[in-house]
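A.B. asks: Before I ask anything, here is the structure I am working with.
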Amino acid sequence: MAYRILFVSSLHHPEALREAKALTPPGQPPPLFPPSMSQHFWEKALRRQGHTLDVFYRNLSGGQPAADARMERHTQTLTPQKVWQGLMNRVPPEANPALRQRNRHLLDQAHAFRPDILWMTGDNTVIYPETLAAIQRETDCKLVYACGTSPIVFSHAVDRQAARLYDLVLASDYYHGIQWLELGAKRMECLPIAACDPDFHRPYPITETERQQYACDIAFVGTLVPDNLYSRRVRALEALTDFDLGIWSVHDVPPSLRRFARGKALGEEMQRILSAAKICFNTHGDFVFYGGNLRLFEVAGAGVFQVTDDLPGTRLWFPEIDGSPTILTYQNEADLRQKVAYYLTHDAERQSVAARAQAHVYAHHTYDMRARRFEELMETL
């Protein structure tokens, strides 16, 4: 069955979206999300399944076009924007005139589009439960909530208050899904919102100039601030500072790691950085105890040896094959250092593990497979 799906999401990396739209071949619909966001690949997979899609960018002010949006950069320091945001957080969302306007715009768009499914992405601080209830009542759509973060750590009051409206929560982390059920969601499925797209998440050819720019023994691409959300990740990277380490982040980097920072990495450039590395480091944030972040599947698709923390989901999604690993996990910083040192000097073993991981995610964890599983779940509602 083909659905009309309206995404309600924040737009991150708007510059990358503008670039992706400019590169869209004639006759093809322009993308709704940039390739630096997992929603981009869900969008591609759902379109291939015959579904009709639209998007409402909840983090843009009413009437602001995506072409005018700018990327946000997180930092540890106090900024005027943080002060302003802190003051606005003291205002109840329902009393914020800008948010009221965005909710009216969403209602208008839903009435015009008539979705079968309203797909909410995580970390909503904008859309009121009353708005979602009205859309559900007036369009007879199902409400789906997809998230990769904990509602205890990240969710706003308006997010938690809407939990009882959600017909289905897709949670990357099983424990997060249980938390949404405790908040009142009708159903939860531990289905990672991350996966790989073999056309995009693959090894990329590296020119000599790119090799000089990107090459390192250990590469990390991701977020490291604030401390209270990524301390495990930072401590593990600090244990690797005497190796050839490269760090790419669109946000700030802690002082202890700043000398390894090489700038930001999004989209295809990130894939080239991964392709130039011997090992990709990927430890989950402090709020993840089951597993399932974006990089877990993207690195495997790139055919790169990956080291990550030992979590239940990691073991589930990356099992041993014929007694051989598809991913390397570590227990503590000393174990991490020992294993990294070993595999850096055993090229054949490292490349064999990376090849098994790539074959495994291509066979079991593509966005097309995620989309088909999503369709099966919707048929049961």
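The values are calculated or read from the model by the stated rules, or taken from the named source; none is laboratory data. Predicted, not measured: the structure shown is a model, and the values here were computed from it. Don't worry about glycine lacking a Cβ; one is built from the backbone with ideal geometry, like all the others, and counts go over all protein chains shown.
A.B. asks: Of everything in the stretch 172-223 that's buried (at least 19 other Cβ atoms within 10 Å of the Cβ) and polar (S, T, N, Q), which residue is farthest from residue 299 (Cα to Cα)?
C.D. replies: Across the stretch 172-223, the extreme among qualifying residues is 179.
A.B. asks: Let me ask another. Which pairs turn up if I take residues in the stretch 53-66 that are in the same structural domain as residue 96 (by TED's automatic domain parsing) and of a type in the set (Ser, Thr, Tyr) and look for partners that are at pLDDT 65 or above and part of a loop (DSSP other than H, G, I, E, B) with beta carbon separation below 6 Å, at least 6 apart in sequence or on another chain?
C.D. replies: Taking only residues 6 or more apart or on different chains, the pairs are 57/11.
A.B. asks: In addition: Taking residue 134 and the conditions (1) out of contact with any strand residue (DSSP E or B) (no Cβ under 8 Å at 6 or more places or on another chain); (2) surrounded by fewer than 19 Cβ atoms within 10 Å (Cβ to Cβ); (3) closer than 25 Å to residue 370 by Cα, which numbered condition does it fall short on, given that it satisfies the others?
C.D. replies: (3)
A.B. asks: Got at least one residue in the stretch 323-341 being charged (D, E, K, R), touching a Lys or Arg at 6+ places or on another chain (Cβ under 9 Å), modelled with pLDDT of 95 or more and more than 30 Å from residue 5 (Cβ to Cβ)? Walk me through it before giving the result.
C.D. replies: Of the residues in the stretch 323-341, the ones charged (D, E, K, R) are 333, 335, 337, 339.
Going one step further and asking which of them are touching a Lys or Arg at 6+ places or on another chain (Cβ under 9 Å), we end up with 333.
Imposing the further condition that a residue be modelled with pLDDT of 95 or more reduces the set to 333.
Still in the list and also more than 30 Å from residue 5 (Cβ to Cβ): 333.
Within the stretch 323-341 (the criterion being charged (D, E, K, R), touching a Lys or Arg at 6+ places or on another chain (Cβ under 9 Å), modelled with pLDDT of 95 or more and more than 30 Å from residue 5 (Cβ to Cβ)), the answer is yes, since at least one residue qualifies.
A.B. asks: Considering only residues that are in a helix (DSSP H, G or I), more than 16 Å from the chain's Cα centre (by Cα) and under 30 Å from residue 205 (Cβ atoms), which ones fall in the stretch 276-312?
C.D. replies: 276
A.B. asks: Being surrounded by fewer than 23 Cβ atoms within 10 Å (Cβ to Cβ), free of Cβ contacts under 8 Å to residues at least 24 places away in the same chain, assigned by TED's automatic domain parsing to the domain that holds residue 222 and of a type in the set (A, V, I, L, M, F, W, C), is that true of even one residue in the stretch 321-331?
C.D. replies: No, the stretch 321-331 contains no residue that is surrounded by fewer than 23 Cβ atoms within 10 Å (Cβ to Cβ), free of Cβ contacts under 8 Å to residues at least 24 places away in the same chain, assigned by TED's automatic domain parsing to the domain that holds residue 222 and of a type in the set (A, V, I, L, M, F, W, C).
A.B. asks: Mind checking which residues of the stretch 147-162 are surrounded by fewer than 23 Cβ atoms within 10 Å (Cβ to Cβ) and of a type in the set (A, V, I, L, M, F, W, C)?
C.D. replies: 152, 153, 154, 157, 158, listed by residue number.
A.B. asks: Within the stretch 281-300, is even one residue of a type in the set (Val, Ile, Thr) and surrounded by fewer than 22 Cβ atoms within 10 Å (Cβ to Cβ)?
C.D. replies: no
A.B. asks: Sticking with this structure for a sec: When you scan the stretch 235-247, do you find a residue that is out of contact with any Phe, Trp or Tyr (no Cβ under 9 Å at 6 or more places or on another chain), of a type in the set (Val, Ile, Thr), in a loop (DSSP other than H, G, I, E, B) and not assigned by TED's automatic domain parsing to the domain that holds residue 12, even just one?
C.D. replies: no
A.B. asks: Here's a follow-up. What residue, among those in the stretch 344-369 that are buried (at least 19 other Cβ atoms within 10 Å of the Cβ) and among the small types (Gly, Ala, Ser), is farthest from residue 303 (Cα to Cα)?
C.D. replies: Top of the filtered list is 357.
A.B. asks: May I pose another question? Please indicate, with yes or no, whether at least one residue in the stretch 211-218 is of a type in the set (Ser, Thr, Tyr) and either without any contact (Cβ under 8 Å) to a residue 24 or more places away in the chain or not assigned by TED's automatic domain parsing to the domain that holds residue 335 (or both).
C.D. replies: No: the stretch 211-218 contains no residue that is of a type in the set (Ser, Thr, Tyr) and either without any contact (Cβ under 8 Å) to a residue 24 or more places away in the chain or not assigned by TED's automatic domain parsing to the domain that holds residue 335 (or both).
A.B. asks: List every residue pair whose Cβ atoms sit under 7 Å apart, with the two residues 6 or more apart in sequence or on different chains, where the first one lies in the stretch 157-176 and is more than 13 Å from residue 128 (Cβ to Cβ) and the second, anywhere, is of a type in the set (Asp, Glu).
C.D. replies: Close Cβ pairs (under 7 Å, with a partner that is of a type in the set (Asp, Glu)) amount to 168/189; 170/189.
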